[in-house]
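The values are calculated or read from the model by the stated rules, or taken from the named source; none is laboratory data. Note that this is a predicted model, so its numbers are computed, not measured. Cβ placement follows ideal geometry from the backbone for every residue including glycine, while neighbour counts extend to all protein chains displayed.
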Amino acid sequence: MSVLITGATSSIGQATKNIFSSYGKEIIQLGRNSKIDSDSLSKKQIHYFQLDFSSSKFEDDIDSVFSNIDLKSIETVVHLAAEAGDRNNISSMTYEEISRLSRINFINSIWFTKVSCDALAYRSISNNKAYIYVSTQLAKYQAPGLSIYSAAKAGMNNLCKSLAYEYGPNDLRINIVSPGKVDLINLENPIAPVKGIPLGRLATPKDIAETIYFLSSTRSSYISGTNIDVNGGR
(Lines give C-alpha, C1' and ligand atoms only; values in the text may rest on other atoms or scores of the structure.)
Protein backbone atom coordinates (compact mmCIF):
# COMPACT_ATOMS: atom_id res chain seq x y z
CA MET A 1 0.00 0.00 0.00
CA SER A 2 1.10 3.60 -0.52
CA VAL A 3 1.09 7.00 1.16
CA LEU A 4 0.66 10.29 -0.70
CA ILE A 5 2.45 13.33 0.76
CA THR A 6 2.07 16.95 -0.33
CA GLY A 7 4.77 19.45 0.58
CA ALA A 8 7.12 16.50 0.34
CA THR A 9 10.28 18.55 -0.14
CA SER A 10 9.92 20.40 3.18
CA SER A 11 11.82 19.28 6.28
CA ILE A 12 8.68 17.79 7.83
CA GLY A 13 7.79 16.25 4.47
CA GLN A 14 11.17 14.56 4.23
CA ALA A 15 10.95 13.28 7.81
CA THR A 16 7.46 11.93 7.08
CA LYS A 17 8.66 10.24 3.91
CA ASN A 18 11.54 8.60 5.80
CA ILE A 19 9.29 7.17 8.53
CA PHE A 20 6.75 5.70 6.13
CA SER A 21 9.53 4.37 3.91
CA SER A 22 11.15 2.65 6.90
CA TYR A 23 7.91 0.69 7.33
CA GLY A 24 8.02 -0.44 3.71
CA LYS A 25 5.34 1.91 2.36
CA GLU A 26 5.40 3.09 -1.23
CA ILE A 27 5.77 6.88 -1.24
CA ILE A 28 4.10 9.26 -3.68
CA GLN A 29 5.51 12.75 -3.19
CA LEU A 30 3.81 15.89 -4.49
CA GLY A 31 5.70 19.19 -4.59
CA ARG A 32 5.80 22.54 -6.34
CA ASN A 33 9.20 21.99 -7.97
CA SER A 34 9.37 20.50 -11.45
CA LYS A 35 11.94 17.99 -10.22
CA ILE A 36 13.80 17.11 -7.04
CA ASP A 37 17.22 15.80 -6.07
CA SER A 38 17.72 12.32 -7.51
CA ASP A 39 18.86 11.12 -4.07
CA SER A 40 15.26 11.59 -2.90
CA LEU A 41 14.12 9.11 -5.55
CA SER A 42 16.89 6.55 -5.10
CA LYS A 43 14.49 3.85 -3.97
CA LYS A 44 12.12 2.17 -6.39
CA GLN A 45 9.17 2.70 -4.07
CA ILE A 46 9.47 6.49 -4.04
CA HIS A 47 7.79 8.56 -6.77
CA TYR A 48 7.47 12.30 -7.38
CA PHE A 49 4.89 14.45 -9.20
CA GLN A 50 4.75 18.22 -9.52
CA LEU A 51 1.67 19.89 -8.02
CA ASP A 52 1.75 23.62 -7.32
CA PHE A 53 -0.95 24.76 -4.89
CA SER A 54 -0.61 28.35 -6.10
CA SER A 55 -1.75 27.38 -9.60
CA SER A 56 -4.83 29.07 -11.07
CA LYS A 57 -5.55 25.84 -12.98
CA PHE A 58 -5.24 23.58 -9.97
CA GLU A 59 -8.33 21.52 -10.80
CA ASP A 60 -6.79 20.42 -14.10
CA ASP A 61 -3.36 19.95 -12.51
CA ILE A 62 -4.62 17.58 -9.84
CA ASP A 63 -6.68 15.60 -12.36
CA SER A 64 -3.52 15.12 -14.41
CA VAL A 65 -1.49 13.96 -11.41
CA PHE A 66 -4.16 11.60 -10.10
CA SER A 67 -4.58 10.03 -13.55
CA ASN A 68 -1.00 8.77 -13.19
CA ILE A 69 -1.45 7.31 -9.71
CA ASP A 70 -2.90 3.95 -8.70
CA LEU A 71 -5.58 5.34 -6.40
CA LYS A 72 -6.65 1.87 -5.25
CA SER A 73 -3.32 1.41 -3.49
CA ILE A 74 -3.39 4.62 -1.45
CA GLU A 75 -4.23 4.15 2.22
CA THR A 76 -2.90 7.41 3.67
CA VAL A 77 -2.83 11.01 2.46
CA VAL A 78 -0.71 13.56 4.33
CA HIS A 79 -1.38 17.18 3.36
CA LEU A 80 1.60 19.33 4.32
CA ALA A 81 1.74 21.84 1.46
CA ALA A 82 1.40 25.42 2.72
CA GLU A 83 2.97 28.85 2.52
CA ALA A 84 2.99 31.48 5.26
CA GLY A 85 4.15 34.30 3.00
CA ASP A 86 6.00 37.40 4.14
CA ARG A 87 5.26 38.66 7.62
CA ASN A 88 3.22 41.68 6.52
CA ASN A 89 0.19 43.27 8.12
CA ILE A 90 -2.88 42.99 5.92
CA SER A 91 -2.99 46.78 5.44
CA SER A 92 0.18 46.58 3.34
CA MET A 93 -0.81 43.52 1.28
CA THR A 94 -2.06 43.62 -2.31
CA TYR A 95 -5.10 41.78 -3.66
CA GLU A 96 -2.82 39.41 -5.56
CA GLU A 97 -0.78 38.58 -2.44
CA ILE A 98 -3.94 37.81 -0.48
CA SER A 99 -5.39 35.80 -3.38
CA ARG A 100 -2.22 33.73 -3.77
CA LEU A 101 -2.00 32.83 -0.09
CA SER A 102 -5.71 32.01 -0.07
CA ARG A 103 -5.33 29.72 -3.09
CA ILE A 104 -2.42 27.83 -1.56
CA ASN A 105 -3.66 27.50 1.99
CA PHE A 106 -7.43 27.39 1.55
CA ILE A 107 -9.15 27.21 -1.86
CA ASN A 108 -6.81 24.71 -3.51
CA SER A 109 -6.28 22.91 -0.21
CA ILE A 110 -10.04 22.41 0.05
CA TRP A 111 -10.15 20.99 -3.47
CA PHE A 112 -7.17 18.72 -2.82
CA THR A 113 -8.80 17.49 0.38
CA LYS A 114 -12.08 16.80 -1.41
CA VAL A 115 -10.46 14.94 -4.32
CA SER A 116 -8.08 12.90 -2.17
CA CYS A 117 -10.75 12.00 0.41
CA ASP A 118 -13.02 10.86 -2.43
CA ALA A 119 -10.18 8.67 -3.70
CA LEU A 120 -9.63 7.17 -0.26
CA ALA A 121 -13.33 6.69 0.48
CA TYR A 122 -14.49 5.29 -2.85
CA ARG A 123 -11.47 3.83 -4.65
CA SER A 124 -8.90 2.68 -2.09
CA ILE A 125 -8.97 -1.02 -1.24
CA SER A 126 -7.23 -0.49 2.11
CA ASN A 127 -8.88 -1.47 5.38
CA ASN A 128 -7.06 1.35 7.18
CA LYS A 129 -7.72 4.64 5.36
CA ALA A 130 -6.48 7.91 6.83
CA TYR A 131 -6.28 11.56 5.78
CA ILE A 132 -4.00 13.77 7.87
CA TYR A 133 -3.92 17.54 7.56
CA VAL A 134 -0.89 19.33 8.99
CA SER A 135 -1.98 22.66 10.43
CA THR A 136 -0.29 25.07 12.86
CA GLN A 137 -0.66 26.45 16.37
CA LEU A 138 -1.16 29.85 14.71
CA ALA A 139 -4.66 28.74 13.71
CA LYS A 140 -5.67 29.14 17.37
CA TYR A 141 -4.01 32.42 18.32
CA GLN A 142 -3.45 35.95 17.09
CA ALA A 143 -0.83 35.96 14.34
CA PRO A 144 0.05 39.56 13.41
CA GLY A 145 1.67 39.62 9.98
CA LEU A 146 0.39 36.13 9.22
CA SER A 147 -3.34 36.81 9.35
CA ILE A 148 -4.23 35.26 5.96
CA TYR A 149 -2.17 32.14 6.64
CA SER A 150 -3.54 31.60 10.14
CA ALA A 151 -7.13 32.28 9.06
CA ALA A 152 -6.85 29.79 6.21
CA LYS A 153 -5.40 27.17 8.55
CA ALA A 154 -8.24 27.72 11.03
CA GLY A 155 -10.73 27.28 8.21
CA MET A 156 -9.07 24.06 7.09
CA ASN A 157 -9.16 22.75 10.66
CA ASN A 158 -12.92 23.24 10.81
CA LEU A 159 -13.32 21.71 7.35
CA CYS A 160 -11.45 18.57 8.38
CA LYS A 161 -13.52 18.16 11.53
CA SER A 162 -16.71 18.36 9.44
CA LEU A 163 -15.34 15.94 6.85
CA ALA A 164 -14.60 13.41 9.58
CA TYR A 165 -18.39 13.15 9.92
CA GLU A 166 -19.05 13.13 6.18
CA TYR A 167 -16.52 10.43 5.31
CA GLY A 168 -16.73 8.41 8.52
CA PRO A 169 -19.36 6.01 7.08
CA ASN A 170 -16.79 5.16 4.38
CA ASP A 171 -14.29 4.03 7.04
CA LEU A 172 -12.07 7.04 6.37
CA ARG A 173 -10.46 8.68 9.39
CA ILE A 174 -9.61 12.39 9.10
CA ASN A 175 -7.36 14.06 11.65
CA ILE A 176 -5.24 17.17 12.13
CA VAL A 177 -1.70 17.63 13.45
CA SER A 178 -0.88 21.12 14.75
CA PRO A 179 2.86 21.67 15.26
CA GLY A 180 4.28 24.34 17.50
CA LYS A 181 7.66 25.88 16.78
CA VAL A 182 9.89 23.54 14.78
CA ASP A 183 13.70 23.72 14.76
CA LEU A 184 14.61 23.66 11.07
CA ILE A 185 18.33 24.19 11.69
CA ASN A 186 19.27 21.63 14.33
CA LEU A 187 17.03 18.97 12.84
CA GLU A 188 17.96 16.06 15.09
CA ASN A 189 19.18 17.76 18.28
CA PRO A 190 17.34 21.01 18.97
CA ILE A 191 19.08 23.53 21.17
CA ALA A 192 17.67 23.67 24.72
CA PRO A 193 16.43 25.33 26.82
CA VAL A 194 13.74 27.34 25.07
CA LYS A 195 11.72 29.76 27.18
CA GLY A 196 7.97 29.34 27.22
CA ILE A 197 7.99 25.68 26.22
CA PRO A 198 7.58 23.31 29.20
CA LEU A 199 9.62 20.53 27.56
CA GLY A 200 12.44 23.01 27.07
CA ARG A 201 13.14 22.61 23.36
CA LEU A 202 11.74 23.16 19.90
CA ALA A 203 10.17 20.29 17.99
CA THR A 204 12.12 18.40 15.36
CA PRO A 205 10.57 17.48 12.01
CA LYS A 206 10.72 13.88 13.21
CA ASP A 207 8.52 14.74 16.22
CA ILE A 208 5.82 15.88 13.80
CA ALA A 209 6.35 12.95 11.44
CA GLU A 210 6.02 10.41 14.26
CA THR A 211 2.63 11.87 15.19
CA ILE A 212 1.54 11.74 11.55
CA TYR A 213 2.57 8.10 11.33
CA PHE A 214 0.67 7.24 14.51
CA LEU A 215 -2.51 8.75 13.07
CA SER A 216 -2.05 6.68 9.92
CA SER A 217 -1.59 3.41 11.77
CA THR A 218 -4.08 0.92 13.16
CA ARG A 219 -3.05 2.07 16.65
CA SER A 220 -5.28 5.10 16.05
CA SER A 221 -8.10 3.15 14.41
CA TYR A 222 -10.75 4.78 16.63
CA ILE A 223 -9.43 8.34 16.36
CA SER A 224 -11.10 10.69 13.88
CA GLY A 225 -11.99 14.39 13.80
CA THR A 226 -9.21 15.14 16.27
CA ASN A 227 -6.60 17.91 16.31
CA ILE A 228 -3.38 16.82 18.03
CA ASP A 229 -1.09 19.57 19.32
CA VAL A 230 2.63 18.80 19.00
CA ASN A 231 3.93 21.79 20.90
CA GLY A 232 5.99 20.62 23.86
CA GLY A 233 3.18 21.46 26.28
CA ARG A 234 3.04 25.13 25.38
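Yes or no: segment 163-181 includes at least one residue that is more than 25 Å from Asp118 (Cβ to Cβ) and modelled with pLDDT under 95. Yes, that holds for at least one residue. What do you reckon, is Val77 at pLDDT 95 or above, out of contact with any Gly (no Cβ under 8 Å at 6 or more places or on another chain), aliphatic (A, V, I, L, M) and crowded, with 18+ Cβ neighbours inside 10 Å? Yes: the conditions hold for Val77. Criterion applied to Ile36, Ile62, Ile12, Ile98 was being at pLDDT below 95 and either over 20 Å from Ser126 (Cβ atoms) or part of a loop (DSSP other than H, G, I, E, B) (or both), and the one residue passing it is Ile36.
Against the criterion of being surrounded by 15 or more Cβ atoms within 10 Å (Cβ to Cβ), modelled with pLDDT of 95 or more, in contact with a Cys (Cβ under 9 Å, 6 or more places away or on another chain) and under 21 Å from Ala8 (Cα atoms), Tyr131 qualifies.
Checking the structure you have, find out if any residue of segment 104-120 is basic (Lys, Arg), within 18 Å of the chain's Cα centre (by Cα) and surrounded by fewer than 20 Cβ atoms within 10 Å (Cβ to Cβ).
Yes, some residue in segment 104-120 is basic (Lys, Arg), within 18 Å of the chain's Cα centre (by Cα) and surrounded by fewer than 20 Cβ atoms within 10 Å (Cβ to Cβ).
Picking from residues in segment 198-234 that are modelled with pLDDT under 95 and among the charged types (D, E, K, R), the one that is farthest from Asn18 (Cα to Cα) is Arg234. Do we find that Ala130 is touching an Asp or Glu at 6+ places or on another chain (Cβ under 9 Å) and either hydroxyl-bearing (Ser, Thr, Tyr) or farther than 28 Å from Ser99 by Cβ (or both) in this structure? Here the answer is yes, as Ala130 does meet what is asked. The set of residues from segment 72-93 being in a helix (DSSP H, G or I) and touching a strand residue (DSSP E or B) at 6+ places or on another chain (Cβ under 9 Å) comprises just one member, Ser73. Within the option set Glu96, Glu83, being farther than 30 Å from Ala119 by Cα and of a type outside the set (S, T, N, Q) holds for one residue only, Glu96. All of Ser216, Ser126, Ser178 fail the test of being free of Cβ contacts under 8 Å to residues at least 60 places away in the same chain and hydroxyl-bearing (Ser, Thr, Tyr), apart from Ser178.
Which residue is nearest to Leu172 (Cα to Cα), if the candidates are limited to segment 122-155 and must be among the aliphatic types (A, V, I, L, M) and not in a helix (DSSP H, G or I)? Result: Ala130. Ile174 passes every criterion in (1) surrounded by fewer than 20 Cβ atoms within 10 Å (Cβ to Cβ); (2) within 18 Å of Asp229 (Cα to Cα); (3) of a type in the set (Val, Ile, Thr) apart from (1). Report yes if some residue within segment 49-62 is closer than 30 Å to Ile148 by Cβ and among the β-branched types (Val, Ile, Thr); otherwise report no. Yes, because at least one residue in segment 49-62 is closer than 30 Å to Ile148 by Cβ and among the β-branched types (Val, Ile, Thr).
Remark: pairs (first residue in segment 100-121, charged (D, E, K, R); second residue at pLDDT 95 or above and in a helix (DSSP H, G or I); Cβ separation under 9 Å; 6+ apart in sequence or on different chains) = Arg103/Phe58; Arg103/Ser109; Lys114/Leu163; Asp118/Tyr167. Residues that are polar (S, T, N, Q) and surrounded by 18 or more Cβ atoms within 10 Å (Cβ to Cβ) within segment 15-34 comprise Thr16, Gln29, listed in sequence order. Evaluation of Arg219 against the conditions (1) in a helix (DSSP H, G or I); (2) closer than 24 Å to Glu83 by Cα shows that the sole unmet condition is (2).
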